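Quick note: the coordinates plus some simple rules give every number you see, no bench work behind them. Just so it is clear, the model here is predicted, and its values are computed rather than measured. Don't worry about glycine lacking a Cβ; one is built from the backbone with ideal geometry, like all the others, and counts go over all protein chains shown.
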Amino acid sequence: MLRSHFVTMLFINLLIKRSSENSPVFTLSVEFQTGSGITALFGPSGAGKSTILQAIAGLLHPEKGCIVVSAETFFDSEKKIDLSLQKRRVGYVFQDLALFSHLSVEANVIYGLNRLNRHERRSKALEILERFGLESFIRRKPHELSGGQQQRVALARAVVIEPRILLLDEPLSALDAATKRDLIEDLKKITRDLQIPILYVTHNRDEVLALSSKVIVLDHGKIVAQGEPLSVLENLGAPTLARLSGAENLFEGVIIEKRPERGTMTFQTHQCQLEIPFAGYNVENKVRLAIRAGDILLSLAEPVGLSARNRLHGRVTQLTPQGYDLLVQTECNGMLFTALITREAQQELKLKLGQEVWLVFKTHACYIVESEP
Amino acid sequence: MNIFDWSSIDWFPIWLSFRVATLATLIALILGLSCGWLLARKNFLGKEWLDSFIALPLVLPPTVLGYYLLVVLGNRSPVGQFFENTFGFRLTFTVTAAVIAATIHALPLMVKSVRAAFEQVPTQLENAARLLGASEWRVFFTVTLPLAGRTVLAATVLAFARALGDFGVTIMIAGNIPGRTQTAAVAIYDYVQAGKDAQAAALVVVVSVLALVIMYATNRLSHRALA
C-alpha cells in the first residue's frame, strides 16, 4: 500500500502447536510483517512472544507457515524449505544471554567471525567492542562483568556478524532501573544504524514506548493489536494493559497507612492488607493495585527469614496451564491471587487443588496502575 | 624371608598393564565421547536400552562377559576368522584381547560420566554457537567439550584406573601367558597360586599406590569441576 512508509523486511505466517503431558495443546497462530527498526512483541508470559523468536531462529519447527527475512526464505512448509541455524545469520540475544562462560569477552565476540581471517576478525571485534564501551574488558570472562556489561557483550556478539535480523528476548528484564535507562539509550544508538528488522520481546510497557517504532500485542498465541506504540497501548486501556504486562492480579482498595520514613504504605482490600511501595497518594485514596503473577512465590511451608514483606496463607483453587507455564489461583482471606510457575516447579511442589500454600511477594512487586481522586 | 621381594620383582606385568590401560583408555575415551554425546543430545528408538547395554559390564560377572567375548571374538567366530584372515593372527589370547577386555571394563563409567557431563551443558549455549555460524563439529569442540571438560578428564583418569585393574575378562579372553598377556592383576593371582607370596605382595603394593594416586587425582578434578 502507498501508506506504508517502510519496505517489508520480515514476513511471518506461523502455526505452531506445542503439547506436553497433562496439559492442553498450546496453539500459536500469527501473521505479520514489519520493516527495519525495532518492533516490540508485547504480551504476558505464555503469550507466544519467545516462541516467535525461536521459530525465526530455527530453534523450533512450525507445523505450517513461512518466514521470509530480507527476501531470504528461512522456512516454508509448502516449499519444504527449512534453513539450518547456521545459514540463517540471525543475531539472537537470549533472555539469559547464553554467553560462553569459558571464553573471554573478545573470544565471545570473535566467535561468529570464523569466516574472516585472523587480522580482520580481531579488528572487527575490537571496533564493535569500542562502540559498546567494552574495550577495557576484552580479556575478562563474562562472570567478571556487571549485568549491564554482560548485556552489552551479548549484543555485540549478535550484531558483529552483520545479521539479517536481530532478535532480543527480554534483554533488559534482569537489570536494575539505572542500568536499564543507560542500555535503552545505547540500544537506540546501535539500532539506528542497522538497516535490519529487530524484534524486541518484552512485557514492559515503558520499554515498548521508549524503544519501538511498532508494537505487536500478543495474547494466548494470537495477535490482539498492532501499530504505532502510543496509540495501540492507549487503546488497550489500563486494566487490559496491566493484565498483558503480566499483572494478572488487579485489586481495588484503599491506602490506609503511609510510612514515608520506610518508603512503604499499607493497601487494604477486603480482609487483606498488603505492604506496597510509598508513592504520592493520600490515606483513604482509592487505588487499583497490580501484581505480576510471575512475581509471586509459592511455598508449601510458612516461609521464615525472608526479606519479602507480603506473606499470605491460602488454598489452591485452580490450576491452569498457560504455554509452558502454569497459572496457580489461590484464595487468601477471600481474595483470589494468581501466581505463575513453571511446569518443573509444579512437579517439584506437587500442587493439588485445595492444598494449603503460602504466597510470598516483595513490596516492590506491587504497583499502582490507576487511582480515583 | 622378606614380606616383599623387590629384587626378583618382574616389571613386565606392570609395564604391560600400563600399555594396555593407556590404549584401552584412549579407545574408551573416543567411544565414550561419541556414545555419551548420542545419549545426551539425541533422541532415538531404544536409547535407554543402549544405555543399559553399555552399563552391562558393571553388573555382569566378568566370567559371563568373558564367555560372550570368547564366543564373538574366538577363532571359530566370523569376527575372529575375519581378523585372522586380514591381519594374520588370532584375536583371543593376545595383547589385543587384553586391550579389548580393559576397554570393556572401563567403558561403562566413561559413558555414564560423559553423558552426565554433556547433559549439564545448556543446549542454549550450543544453539547460540550454531546461530553464530558454527558447524556441529565446531560446536562440540569449542562449546560442549570445554564446558564438560573437567568431568570428562576426571572420567578419563578413572577409566584408566578401571582399565588397569581388570582381572576377570582379561584372564578369560587374553589368558595368563607370562611375558605375553600376563597383566599385573593376573600376575598377582598367579603368584598367590604358586605360593610366591613375597612377589605378589610387591606387585600389590605397586598397584595399590598407583590406584591411590589416580583416585586422588580424580577427586581433585571432580571437585574443581563442581566449583
For this session: In whole Hz, with x marking every Gly and Pro, tabulate ³J(HN,Hα) for the range A:10-18 from phi via Karplus 6.51 cos²θ - 1.76 cosθ + 1.60, θ = phi - 60°.
Result: 9, 10, 9, 9, 10, 10, 10, 10, 10
For this session: For the range B:68-130, just the Cα atoms, rotate onto the principal axes and tell me the three extents in Å, largest first.
Result: 51, 23, 18
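Give a quick list of chymotrypsin sites (Phe, Trp or Tyr not before Pro) in the range B:75-160 that DSSP marks as loop, anything other than H, G, I, E or B, with at most 15 other Cβ atoms within 10 Å. Numbers along the way, then the final one.
On the way: sites: B:82, B:83, B:87, B:89, B:93, B:118, B:137, B:140, B:141, B:160; in loops: B:89, B:93.
Of the chymotrypsin sites (Phe, Trp or Tyr not before Pro), the ones in loops of the range B:75-160 whose Cβ has at most 15 other Cβ atoms within 10 Å are B:89.
Can you give the calculated 222 nm mean residue ellipticity of chain A, where each DSSP H run of n ≥ 4 adds -39,500 (n - 2.57) and the sum is split over every residue, rounded to the nearest 500 deg cm²/dmol? Intermediate results must be reported in sequence, preceding the final value.
Working: 10 runs with 92 residues, N = 373.
Result for chain A: -7000 deg cm²/dmol, rounded to the nearest 500.
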Exercise. How high is the relative contact order of chain A, in percent, with contacts defined as C-alpha pairs under 8 Å that are six or more residues apart?
Worked result: 16 percent
Seminar exercise, completed: Output for the range A:233-326: GluC sites (Glu not before Pro) sitting in coil per DSSP, at most 13 other Cβ within 10 Å, listed by number, reads A:261, A:284
Seminar exercise, completed: So, relative contact order of the range A:247-373 in percent, Cα under 8 Å, 6 or more apart, is 31 percent
Seminar exercise, completed: Which residues qualify? For residue A:264, with a placed amide H closer than 5 Å and at least 5 residues away or on another chain, they are A:259, A:278
Exercise. Just how many % of Cα pairs in the range A:249-372 lie over 18 Å apart, if you round to the nearest whole percent?
Worked result: 51 percent
For this session: Report, in whole Å, the centroid distance computed from the Cα atoms of the range A:233-284 and the range A:141-160.
Result: 35 Å
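Please quote Rg/Rh for the range B:36-176 to two decimal places, taking the Kirkwood radius as Rh and restricting both calculations to Cα atoms.
Details: Rg = 18.3 Å, Rh = 17.0 Å.
Reported Rg/Rh (Cα atoms, Kirkwood Rh): 1.08.
Any idea what the relative contact order of chain B is, in percent, if you count C-alpha pairs under 8 Å spaced at least 6 apart?
Details: 281 pairs, mean separation 72.9, N = 227.
Rounded, it is 32 percent for chain B.
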For this session: Note down the magnitude of the dipole of the range B:38-147 about its Cα centre, charges +1 on Lys and Arg C-beta and -1 on Asp and Glu C-beta and zero elsewhere, to the nearest 20 debye.
Result: 60 debye
Exercise. Whose amide H sits under 5 Å from the amide H of residue B:167, counting only residues 5 or more places off or on another chain, with H placed in the peptide plane?
Worked result: none
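How crowded by other chains is B:119-129, given as the mean number of beta carbons from other chains within 10 Å of each beta carbon?
Values: counts 0, 0, 0, 4, 2, 7, 7, 2, 8, 15, 6.
Mean number of neighbouring Cβ atoms from other chains: 5.
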Exercise. So which aspartates and glutamates can residue A:180 reach, going by Cα to Cα under 13 Å and dropping same-chain residues fewer than 8 places off?
Worked result: A:170, A:206, A:207
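Report, in deg cm²/dmol and to the nearest 500, the calculated mean residue ellipticity at 222 nm for chain B, where each DSSP H run with n ≥ 4 adds -39500 (n - 2.57) and the sum is divided by the residue count. Show your work: numbers first, answer last.
On the way: 11 runs with 170 residues, N = 227.
Only helices count here, giving -24500 deg cm²/dmol.
If you take every DSSP beta bridge fully contained in the protein assembly as shown, what fraction is antiparallel? Give it as a percent rounded to 5. Kindly include the intermediate steps, with their values, before the conclusion.
Details: 73 of 91 bridges.
Expressed as a percentage, antiparallel bridges in the protein assembly as shown total about 80.
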Exercise. If you take the charge dipole of the range A:259-369 about its Cα centre, with +1 on Lys and Arg Cβ and -1 on Asp and Glu Cβ, which of A:297, A:327, A:310 is farthest toward its positive end?
Worked result: A:310
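Run the dipole for chain B about the Cα centre, Lys and Arg Cβ at +1, Asp and Glu Cβ at -1, nothing else charged, and hand back the magnitude in debye, nearest 20. Spell out each step's value before the answer.
Working: 16 positive and 11 negative charges, 115 e Å.
That gives chain B a dipole magnitude of about 560 debye.
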Problem set entry | Cα centre as origin, Lys/Arg/Asp/Glu Cβ charges: the protein assembly as shown dipole, Debye | 1160 debye
Seminar exercise, completed: Ordered by number, the trypsin sites (Lys or Arg not before Pro) in the range A:323-367 that occupy a DSSP loop and have at most 10 other Cβ atoms within 10 Å are A:350, A:352
Exercise. How large is ³J(HN,Hα), in whole Hz, for each residue of the range A:95-102 in order, when computed from phi with the Karplus curve 6.51 cos²θ - 1.76 cosθ + 1.60 and θ = phi - 60°, using x for Gly and Pro?
Worked result: 4, 9, 6, 6, 6, 7, 5, 8
Exercise. Along the positive direction of the dipole of the range A:10-241 (beta-carbon charges: Lys, Arg +1; Asp, Glu -1; about the Cα centre), which of A:161, A:32, A:69 reaches farthest?
Worked result: A:161
Exercise. Among the listed pairs A:17/A:352; A:17/A:222; A:189/A:222; A:79/A:214; A:188/A:362, which are separated by more than 20 Å between their Cα atoms?
Worked result: A:17/A:352; A:189/A:222; A:79/A:214; A:188/A:362
For this session: Could you list B:30, A:81, B:54, A:165 in order of exposure, starting from the residue whose Cβ has the fewest other Cβ atoms within 10 Å?
Result: B:30, A:81, B:54, A:165
